[in-house]
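To keep things clear, I will list the structure first and then write my remarks on it.
The values are calculated or read from the model by the stated rules, or taken from the named source; none is laboratory data. Given the structure is predicted, the values throughout are model-derived calculations rather than measurements. Methodologically, a virtual Cβ is constructed for each residue, glycine included, from the backbone with ideal geometry; neighbour enumeration extends over all protein chains shown. For the accessible areas, the whole protein counts, side chains as well, though only heavy atoms, and no ligand, DNA or RNA atoms are used. Shrake-Rupley method; radii C 1.70, N 1.55, O 1.52, S 1.80 Å.
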Amino acid sequence: MARQSTPNTLFGKRLREARTRLGIAQDKLGVLIGLDEGTASARISRYETGIHEPPFGTAEQLAEVLNVPAAYFYCRDERLADLLVRYSDLGEIEQGKIIKLAIKLGMDTE
């Protein structure tokens, strides 16, 4: 197995975290978003190491396959990134409750 370089970008770090959390290989992830099988692994590797950053449409495809919101890839705050993933896993009713709670908490501090 080839040694993986440490991600140099926030996007690359988040992409690798999401991919490894699901146990998906780089080549498989690339194929799942429509990349050519022969270049899929190298392309995902380049995204993860920060050599290239994908266009936003590709980031959206990656997010869909990895079951995370696209905003997760760009979120600098670790706790907020975790909240984004957890929020996206909730159903519509639970998401509504979270929004109402956030509004209530925001009003309480004013």
Those GluC sites (Glu not before Pro) from segment 1-108 that are DSSP loop and have at most 16 other Cβ neighbours within 10 Å turn out to be 37
Over the chain, give the accessible area per residue in Å² for a 1.4 Å probe, as an integer. 67 Å²
Cut-off under 30 Å on the C-alpha distance; same-chain residues fewer than 8 positions from residue 28 excluded. Which lysines are left, in chain and number order? 13
About its Cα centre, the chain carries a charge dipole, from +1 on Lys and Arg Cβ atoms and -1 on Asp and Glu Cβ atoms, whose size in debye to the nearest 20 is 300 debye
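Can you tally the net charge around residue 48? Count Lys and Arg as +1, Asp and Glu as -1, for every other residue whose Cβ sits under 11 Å from the Cβ of residue 48.
Values: positive: 13, 14, 16, 19, 43, 46; negative: 17, 53.
Surrounding charge for residue 48 is +4.
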Of the heavy-atom accessible surface of the chain (probe 1.4 angstrom), what whole percent is carbon and sulfur? 54 percent
Relative contact order computed over the chain (Cα-Cα under 8 Å; 6+ residues apart), in percent: 24 percent
Determine one quarter of the surface area of the Cα convex hull of the chain, which equals its mean projected area, and express it in nm² to one decimal. 8.1 nm²
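Sorted by accessible area (1.4 Å probe), largest first, how do 49, 9 line up?
9, 49
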With a cap of 14 neighbouring Cβ atoms within 10 Å, and only residues DSSP puts in a loop, list the trypsin sites (Lys or Arg not before Pro) found in segment 56-99. 76
